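Take a look at the structure set out below.
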Amino acid sequence: MFKGNALFEVQVRVDDRWRMEATFTEEQAALSCARVQMTVAGVQEVKVFKSRSLAGLAIQTAIFHRKVPEQKSKPLTIAGTAEGAPYCTELADLYGFESRVVIGRLLRQFLDKFQVTPTELLHGWTYARKLDEQGTLMGAAIHAVARHHGDTRKVAVAARVKELRALVDRALVRARDFNAERKRLPAFDESDLAATSRRIGQAVGAEEHDFVFLAMLSQYLTNANSLAGKMELLVKMMARTDDPHLSALLEGVVADGLGAADVVKELLGAQPTLAAGLCALADTLYGRRPGEKDVPVHPLLACIGALTVTGRAPSCRIVLLERVRSALNSDQPLDRKDAKAEAALVETLALRLKGADGTLLGGAETEKALAKRLLRHRQAILRQQGMHDIADRLAGTLRPGEG
């Protein structure tokens with residue numbers, strides 16, 4: 001009998017299947033590998049076996065065995081408010097731009113998790129079913145819209161919930177029916193949208209054309225793994241079509257994508273401050289080239305900006321303008337590293353937000369937001385100097401350039 005060389009084998013369980021990850025001649029190296037594997041996404045369990053030969057027999061002993069604790073993800077919740085939710089009474093209202101904006105705001109966590117747009121959610125059975133299976137998420141969004149309508153239109157909230165639920169159920173059935181019938185419909189050819197559109201019209205009629213076109217488009221967009229990737233495909237398709245109606249359908253989905261804050265941040269690039277990011281958005285919407293010291297935006301955002309200038313992307317313009325207004329109205333400083341620069345940056349922004357004709361981007365709402373920032377800044381300075389009463393009494397409509 002003799003003791004042979006020991007061999008250490010690391011095994012991991014992924015998707016409920018065991019596989020050999022690595023083998024080592026040193027125990028410590030094998031144990032180190034096992035601990036690293038426990039931190040790898042998707043790994044459920046790790047084992048280390050010591051194998052050795054005794055009298056010609058292979059003996060295997062488990063020297064390490066750990067189960068990776070299950071990471072319970074937090075339940076998805078609604079985000080934002082239902083402000084601006086249109087009073088939908090017909091199924092077509094649910095697919096409109098204003099409705100999709102509110103859907104994008106309320107269901108942002110769900111949409112970001114699956115990297116889909118409100119259009120894809122409304123037209124794709126896969127994601128519509130996933131949302132329906134989330135339990136209370138859809139119900140919470142419906143109740144939020146119903147309460148908004150109750151506050152703004154003085155209608156009974158319970159009755160409004162019932163009406164909205166009926167519309168949503170009809171949308172779910174419509175998406176499910178398309179999913180069942182899609183194989184009988186013509187193929188979606190992204191290289192010839194005009195021909196695709198004609199075939200769809202012939203198959204389902206003019207009334208169902210837009211829904212089926214967008215449902216097929218949503219299916220095609222599954223080839224992209226991210227919202228930014230989908231938007232890139234859409235902008236390329238817009239460049240290839242000269243049909244205004246098809247271009248408008250595509251542009252609506254691009255605008256949906258811009259509703260995701262993370263997408264806008266990605267397209268803006270590594271802007272050093274909030275002020276720089278807002279200046280970049282203003283230049284994009286005006287079609288201006290960035291200055292020598294400015295951080296250039298992603299080419300995709302530049303393309304979208306060019307489309308807004310020519311009037312081919314009105315929905316995108318609205319969404320980006322809302323981004324500007326929302327950022328200005330937030331408490332986030334224009335430069336996190338230099339709070340004292342706030343007043344000077346407001347002045348800079350006031351200039352960059354103006355077009356060649358002197359018109360302020362966003363009009364009176366933007367002017368009001370800039371004035372509020374100046375007011376908050378001056379109040380903060382007074383409070384730092386101990387003049388709290390004066391800061392509390394400070395009021396008036398301060399405009400950039402005043403005082």
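The values are calculated or read from the model by the stated rules, or taken from the named source; none is laboratory data. The structure displayed is predicted, hence computed values, not measured ones. Methodologically, a virtual Cβ is constructed for each residue, glycine included, from the backbone with ideal geometry; neighbour enumeration extends over all protein chains shown. Heavy atoms of the whole protein, side chains included, go into the accessibility calculation; ligands, DNA and RNA do not. Shrake-Rupley method; radii C 1.70, N 1.55, O 1.52, S 1.80 Å.
Per-structure values
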{"read-out": "Residue within region 316-326 that is within 30 Å of His245 (Cβ to Cβ), free of Cβ contacts under 8 Å to residues at least 40 places away in the same chain and either among the basic types (Lys, Arg) or open to solvent by less than 10 Å² (accessible area, probe 1.4 Å) (or both) present", "value": "yes"}
{"read-out": "Index of the failed condition, Ala391 passing every other in (1) over 23 Å from Cys279 (Cα atoms); (2) open to solvent by less than 30 Å² (accessible area, probe 1.4 Å); (3) at pLDDT 75 or above", "value": "(3)"}
{"read-out": "Failed criterion for Glu181 (all others in (1) in contact with a Pro (Cβ under 8 Å, 6 or more places away or on another chain); (2) farther than 29 Å from Gly311 by Cβ; (3) acidic (Asp, Glu) hold)", "value": "(1)"}
{"read-out": "Qualifying residues in region 96-115 (those that are farther than 20 Å from Pro86 by Cα and free of Cβ contacts under 8 Å to residues at least 40 places away in the same chain) - the one most open to solvent (accessible area, probe 1.4 Å)", "value": "Lys113"}
{"read-out": "Residue check, Thr196 of a type in the set (Ser, Thr, Tyr) and farther than 21 Å from Leu234 by Cβ", "value": "no"}
{"read-out": "Flag for Val48 being touching a residue at least 12 places away in the same chain (Cβ under 8 Å), over 35 Å from the mean Cα position of the chain (by Cα) and open to solvent by less than 40 Å² (accessible area, probe 1.4 Å)", "value": "yes"}
{"read-out": "Number of positions in region 142-170 that are surrounded by 15 or more Cβ atoms within 10 Å (Cβ to Cβ), closer than 19 Å to Glu90 by Cβ and of a type in the set (A, V, I, L, M, F, W, C)", "value": "7"}
{"read-out": "Residue satisfying all of: in region 58-89; over 23 Å from Phe110 (Cβ atoms) and modelled with pLDDT under 90; least open to solvent (accessible area, probe 1.4 Å) among these", "value": "Val68"}
{"read-out": "Among (1) more than 20 Å from Gly104 (Cα to Cα); (2) of a type outside the set (Phe, Trp, Tyr); (3) within 26 Å of the chain's Cα centre (by Cα), the one test that Arg165 misses", "value": "(1)"}
{"read-out": "Residue within region 250-257 that is of a type outside the set (Ser, Thr, Tyr), modelled with pLDDT of 90 or more and more than 25 Å from Arg100 (Cα to Cα) present", "value": "no"}
{"read-out": "Enumeration of residues in region 262-293 that are open to solvent by 40 Å² or more (accessible area, probe 1.4 Å) and part of a helix (DSSP H, G or I)", "value": "Asp262, Lys265, Glu266, Tyr286"}
{"read-out": "Test: residue in region 116-133 that is within 20 Å of the chain's Cα centre (by Cα), among the charged types (D, E, K, R) and closer than 19 Å to Gly252 by Cα", "value": "yes"}
{"read-out": "Output for region 113-129, where each listed residue is in contact with a helix residue (DSSP H, G or I) (Cβ under 7 Å, 6 or more places away or on another chain) and either among the polar types (S, T, N, Q) or not in a loop (DSSP other than H, G, I, E, B) (or both)", "value": "Phe114, Gln115, Thr117, Pro118, Thr119, Glu120, Leu121, Leu122, His123, Trp125, Tyr127, Ala128"}
{"read-out": "When residues of region 171-205 are limited to those that are open to solvent by 40 Å² or more (accessible area, probe 1.4 Å) and β-branched (Val, Ile, Thr), the one farthest from the chain's Cα centre (by Cα)", "value": "Val204"}
{"read-out": "Leading residue by the ranking (farthest from Gly80 (Cα to Cα)) among those in region 132-183 that are β-branched (Val, Ile, Thr) and free of Cβ contacts under 8 Å to residues at least 12 places away in the same chain", "value": "Val173"}
{"read-out": "Test for Glu232: is it open to solvent by 20 Å² or more (accessible area, probe 1.4 Å) and without any contact (Cβ under 8 Å) to a residue 12 or more places away in the chain", "value": "no"}
